[in-house]
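Okay, so here's the structure we're looking at.
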Amino acid sequence: NADSALFKAKSNGRETFAFYSLELTNQARQRVEMVAALRHALEQGELRVHYQPIQRLTDNRLIGFEALVRWLHPERGLVPPGEFLPIAEETGLIASIDLWVLEQTCRQMQTWLGQGRELAFVAVNLSCRLFSRAGLSQEIARVLADTGLAPAHLELEITESAVMADPDSARELLERLRELGVRLAIDDFGTGYSSLQRLKRLPVQKLKIDQSFVRGLPADKDDAAIARAVNALGHNLGLVVLAEGIETPQQLDFLQQIGCDYGQGYLFSRPLPPEDIERNWPKA
Ligand code: C2E
Ligand code: MG
Ligand code: MG
Ligand code: MG
């Protein structure tokens, strides 16, 4: 075990190495525990989907949501995805998580539409780890059929960096997904070094301007130039443009002035559990 390894190493006079290996052992143990806990979470129903409202910027009308996964840990409370998705991606558990989120979200959206809510779409994030999954589009088709949600109400978000990591297979996958009739969006746009040549050939309908470019608006000249350029690029390619991470009225004002179509951010609402969505947006 780790302690006897440390003792042995010390008696050999290799203390640095010993501390290093002890730390690695701890890290490895933490990782194994994390993976087991995450698997348990998925099986025992500790995962939750929160929904962040998306508004149309011309009239500030609620038009859809983005589904964002959370882990309701029995001791730690609500754990954000940044703390567990990286490990889920490394271990392949991400596929089960994403498909679970997809199913929950489609069911929830179908319920909301059934209540007469006028919503255009709900967006779900897809990890690049699912790109190589054989039969992904059939699985998505099955979820749509099981939940009864019309494909046009589902939007799938794929990050720009995931697309650019393997553009040819991403494009093939996106084409198959598009055949299902779902909508496609490129997430975190501006952070992934897209070649415009490749972007032009992707069958997507929406670009989401990454929040790192929204943060400095309107004062930061670089952010302002980038936001303008991405918005114009998207529109010239016939795409809808959404800005994420809108926190201030000044940012909103700038984005409205340049004609950005949609927005989401804390200014409108944080991601919320479905009960809070229903409370804050009672159906008309
Ligand atoms: P994302 O898809 O770009 O989602 C937007 C993130 O920005 C969310 O963080 C959201 O809570 C946060 N956000 C929204 N408005 C604001 C704002 O005004 N200010 C700031 N500072 N942040 C804002 P979250 O929920 O922590 O998710 C982080 C990332 O984790 C997501 O980034 C997405 O890449 C990934 N993710 C979340 N849920 C899933 C999922 O079910 N599957 C997969 N594969 N990835 C997911
Ligand atoms: Mg997203
Ligand atoms: Mg994003
Ligand atoms: Mg982002």
Out of all the residues in the range 209-222, which are within 16 Å of ligand 3 (Cβ to nearest atom) and outside any loop (DSSP other than H, G, I, E, B)?
Ile209, Gln211, Ser212, Phe213, Val214
Check Asn125 against each of (1) surrounded by fewer than 19 Cβ atoms within 10 Å (Cβ to Cβ); (2) within 16 Å of ligand 4 (Cβ to nearest atom) and name the one condition it does not meet.
(1)
When the range 268-284 is examined, which residues are found to be assigned to a loop (DSSP other than H, G, I, E, B) and over 16 Å from Arg107 (Cα atoms)?
Phe268, Ser269, Arg270, Pro271, Trp281, Pro282, Lys283, Ala284
Kindly check whether there is at least one residue in the range 78-95 that is open to solvent by less than 20 Å² (accessible area, probe 1.4 Å), away from ligand 1 (no atom under 11 Å from the Cβ), within 16 Å of the chain's Cα centre (by Cα) and within 19 Å of Pro273 (Cα to Cα).
no
Can you spot a residue in the range 162-176 that is open to solvent by 20 Å² or more (accessible area, probe 1.4 Å) and part of a loop (DSSP other than H, G, I, E, B)?
yes
Going by the conditions given, is Gln256 outside any strand (DSSP E or B) and surrounded by 21 or more Cβ atoms within 10 Å (Cβ to Cβ)?
no
Listing of strands (runs of 3 or more DSSP E) fully contained in the range 38-138 that carry 3 or more residues being without any contact (Cβ under 8 Å) to a residue 12 or more places away in the chain and in contact with a Phe, Trp or Tyr (Cβ under 6 Å, 6 or more places away or on another chain):
none
Looking at Thr159, is it surrounded by 14 or more Cβ atoms within 10 Å (Cβ to Cβ) and farther than 22 Å from Arg129 by Cα?
no
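The values are calculated or read from the model by the stated rules, or taken from the named source; none is laboratory data. On a predicted model such as this, the values are computed, not experimentally measured, just so you know. A quick note on method: Cβ atoms are made from the backbone with ideal geometry, for glycine too, and the neighbour counts reach across all protein chains shown. With ligands, DNA and RNA removed, areas are computed over all heavy atoms of the protein, side chains included. Shrake-Rupley method; radii C 1.70, N 1.55, O 1.52, S 1.80 Å.
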